[in-house]
Amino acid sequence: MASAGLADMRLHPPDQPPAQTGRRSCPWDALSSSALPADPCAAAARATTDGVTTAGGIRPGGAGSPSAAGPSAPDWRQQLREGLEALPAARRRQLRSLEPRAAAQFQPSPAGSAAGAPTAAASAGSTGDLMAGSNTAAVDNARSAPAATPPAAALPLLDLASNDYLGLSRHPAVLAAAASELAASGLGAGSSRLVSGTRPVHLQLEESLAAWLGRERALLFPSGFQANLAAVCALADRHSLVLADRLIHHSLLVGVRASGARLQRFAHNDPADLERRLLTARRQRPSGRLLVLCESLYSMEGTSPPLAALVALCARHQAPLLVDEAHALGLLGPGGRGLAHGFAEVAIVSGTFGKAFGSGGAFLAGDALVGDWLLQHSGAFRYTTALAPPLAAGALAALDRIQAEPRAAAALLARAERWRDGLAAAGWPRPPGRGPILSLLLGDDVSALAMQERLAAAGLLALAIRPPTVPEGTARLRLVLRHGLPSGSLERLLMALGPGPLPPKPR
Ligand SMILES: Cc1ncc(COP(=O)(O)O)c(C=O)c1O
């Protein structure tokens, strides 16, 4: 598996479009009779060539392909074993975030301790944070709270890892809205949207999102992963060439694979490279179907693209643009509406409620035509249980909070700049981008893991992000700021990190 070459990943050669069948390709055709690679994430991450490839690895003769049937059919257990053995040992054993000790810190502190937290109000005031309901108190206070779990599993860490950027997962108004919907509608929707799963809150949320983003239509999905898959399948098929930023989220790559389209990666946030590829693509196939994919805030780098330039290029070359705003919504752009806000040319905006909205579920927004296509054709929309009504209600309340308290996002962004300055002043490379995700490049896996351990020993939870999530040789520490971190958190971090490798920069 590890050595699966790009040639193996190719479903059709770069310059030859697949044979026309006269039938519009079903998004699932590419997956229906073939095995996914043992580690689709790794396979997708490896497909980082300049050449053209499909997004996945479908190996000739592999399990599930027609030739695998019969007496010599490979043992699927053996294939899984080989896939696991191909992982470097350190990577395989060190999935620390699944260990109980790390999970324990996300549990709420014992009832009453958060309310009595001496630091909660003070820290909110001292950092300019505005919104109530942060889980900071719960995390920090667990330090002095009576141990509810065995000591080894109870070491409380300050959470510098999760994406609950605005602390909305515990905001009283969000919790109350979810609780009230829970009482009224029950926990689950009971069926898909097109059967009996639609509740008034779904329609209200879709309308509110569309109005907020200035789009004609928004449709809800149970997760951002699913929404991304649906979005790519709406805009590309097996006759398409998809041009995706090299660091695009895995869900979009799975979408490309499901669509059957060919994939090319352009250099991260590099419009010049995208332009070269668009020109070549148009020269080779003047009327070919193109699609461009990018994110507005990259979750592992903290960077954002020059979106105006990408929009202009896509318009010039008649390539629809899909922007994944998972990490930007609620924080970046006017009033937290994301960086694609105001660009009517953007064909689809994808958003999730799993980050700044503080819950779960997702949506796609676009014009009425795109909305109608998704409604009529998207299996990922039609054939799945509707978003749980309490989550929809929570998302609606979160949207209300985001609109009512725009200064919360502004305060978080300002604080993130101070953290960048602080890291640079301590001799660390200034984390790129603007926003709450700070990526500290360390290079090799061992250094990144050692730093994660060092921070954990100092009571801080920040995760080492390693390949295949990021390219080889770029293991890093991912630091995430969120609303309500107590004052002094930066100082704690700098103390734990120690001096950086560069000459300190004056603040
Ligand atoms: C950029 C990006 N897009 C999409 C997703 C998927 O969102 P969800 O967690 O709602 O499935 C994520 C989550 O990891 C993400 O980081």
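The values are calculated or read from the model by the stated rules, or taken from the named source; none is laboratory data. This one's a predicted model, so the numbers in the text were calculated from it and none came from an experiment. Every residue, glycine among them, receives a Cβ derived from its backbone with ideal geometry; neighbour counts consider all protein chains shown.
Inspection of region 271-287 identifies no residue that is in contact with an Asp or Glu (Cβ under 7 Å, 6 or more places away or on another chain) and either surrounded by 24 or more Cβ atoms within 10 Å (Cβ to Cβ) or aliphatic (A, V, I, L, M) (or both).
Number of residues in region 467-484 that are at pLDDT 95 or above and hydrophobic (A, V, I, L, M, F, W, C) equals 4.
Go over the candidates Gly371, Gly360, Gly354 one by one and state the one that is closer than 17 Å to Arg215 by Cβ and among the small types (Gly, Ala, Ser). Full working, then the answer.
On the way: Gly360 fails: closer than 17 Å to Arg215 by Cβ; Gly354 fails: closer than 17 Å to Arg215 by Cβ.
None of the other options fit; the residue is Gly371.
With respect to the conditions (1) under 22 Å from Ile248 (Cβ atoms); (2) touching a strand residue (DSSP E or B) at 6+ places or on another chain (Cβ under 8 Å), Thr469 falls short on a single one, namely (2).
For Leu229, the conditions (1) within 16 Å of the ligand (Cβ to nearest atom); (2) touching a Pro at 6+ places or on another chain (Cβ under 9 Å); (3) under 26 Å from Gln403 (Cα atoms) are fulfilled apart from (3).
Could you list all residues from region 236-245 that are within 17 Å of Leu313 (Cα to Cα) and more than 14 Å from the ligand (Cβ to nearest atom)? Before you say what the answer is, go through the steps one by one.
First pass over region 236-245, keeping only residues within 17 Å of Leu313 (Cα to Cα): 241-245.
Residues satisfying the conditions are Leu241, Val242, Leu243.
Report yes if Arg246 is crowded, with 19+ Cβ neighbours inside 10 Å and charged (D, E, K, R), otherwise no. No, not satisfied. Among the residues of region 393-410, not a single one is at pLDDT 95 or above and part of a strand (DSSP E or B).
Is it true that some residue in region 467-482 is in contact (Cβ under 8 Å) with a residue 60 or more places away in the chain and part of a helix (DSSP H, G or I)? Break it down into steps so the answer makes sense when it comes.
Filtering region 467-482 down to residues in contact (Cβ under 8 Å) with a residue 60 or more places away in the chain leaves 467-471, 476, 478-482.
Okay, now just the ones that are also part of a helix (DSSP H, G or I), so none.
Within region 467-482, not a single residue is in contact (Cβ under 8 Å) with a residue 60 or more places away in the chain and part of a helix (DSSP H, G or I).
The residues on offer are Leu423, Leu485, and the sole one that is crowded, with 19+ Cβ neighbours inside 10 Å, more than 21 Å from the chain's Cα centre (by Cα) and farther than 27 Å from His171 by Cβ is Leu423.
Condition first: under 15 Å from Leu291 (Cβ atoms) and not in a helix (DSSP H, G or I). Now tell me which residues in region 209-248 satisfy that. Don't jump to the end; show me each part of the working.
To start, the set of residues in region 209-248 that are under 15 Å from Leu291 (Cβ atoms) comprises 228-245, 248.
The answer is Ala236, Asp237, Arg238, His239, Ser240, Leu241, Val242, Leu243, Ala244, Asp245, Ile248.
Whether any residue in region 211-222 is surrounded by fewer than 22 Cβ atoms within 10 Å (Cβ to Cβ), within 16 Å of the ligand (Cβ to nearest atom) and modelled with pLDDT of 95 or more is what I want to check. Within region 211-222, one or more residues are surrounded by fewer than 22 Cβ atoms within 10 Å (Cβ to Cβ), within 16 Å of the ligand (Cβ to nearest atom) and modelled with pLDDT of 95 or more.
With respect to Leu387, determine if the residue is within 14 Å of the ligand (Cβ to nearest atom) and assigned to a loop (DSSP other than H, G, I, E, B). Here the answer is yes, as Leu387 does meet what is asked.
Within this structure, Leu479 passes the test of being crowded, with 22+ Cβ neighbours inside 10 Å and within 29 Å of Ser251 (Cα to Cα).
In region 426-460, how many are of a type in the set (Val, Ile, Thr) and either assigned to a loop (DSSP other than H, G, I, E, B) or surrounded by 15 or more Cβ atoms within 10 Å (Cβ to Cβ) (or both)? Break it down into steps so the answer makes sense when it comes.
First pass over region 426-460, keeping only residues of a type in the set (Val, Ile, Thr): 437, 446.
Narrowing the set further to residues that are either assigned to a loop (DSSP other than H, G, I, E, B) or surrounded by 15 or more Cβ atoms within 10 Å (Cβ to Cβ) (or both) leaves 437.
Residues flagged as of a type in the set (Val, Ile, Thr) and either assigned to a loop (DSSP other than H, G, I, E, B) or surrounded by 15 or more Cβ atoms within 10 Å (Cβ to Cβ) (or both) within region 426-460 amount to 1.
Out of the residues in region 249-266 that are aliphatic (A, V, I, L, M) and not in a helix (DSSP H, G or I), state the one that is farthest from Leu313 (Cα to Cα). Among residues in region 249-266 that are aliphatic (A, V, I, L, M) and not in a helix (DSSP H, G or I), the one farthest from Leu313 (Cα to Cα) is Ala261.
Note down all Cβ pairs under 9 Å where the first residue falls in region 432-450 and is at positive phi, the second is of a type in the set (A, V, I, L, M) and assigned to a loop (DSSP other than H, G, I, E, B), and they're at least six residues apart or on different chains. From region 432-450, the pairs are Gly433/Leu297; Gly435/Leu297; Gly435/Ala328; Gly435/Leu331; Gly435/Leu332; Gly435/Leu481. Check region 399-412 and report whether any residue there is more than 15 Å from Leu297 (Cβ to Cβ) and within 16 Å of the ligand (Cβ to nearest atom). Taking every residue of region 399-412 in turn, at least one turns out to be more than 15 Å from Leu297 (Cβ to Cβ) and within 16 Å of the ligand (Cβ to nearest atom).
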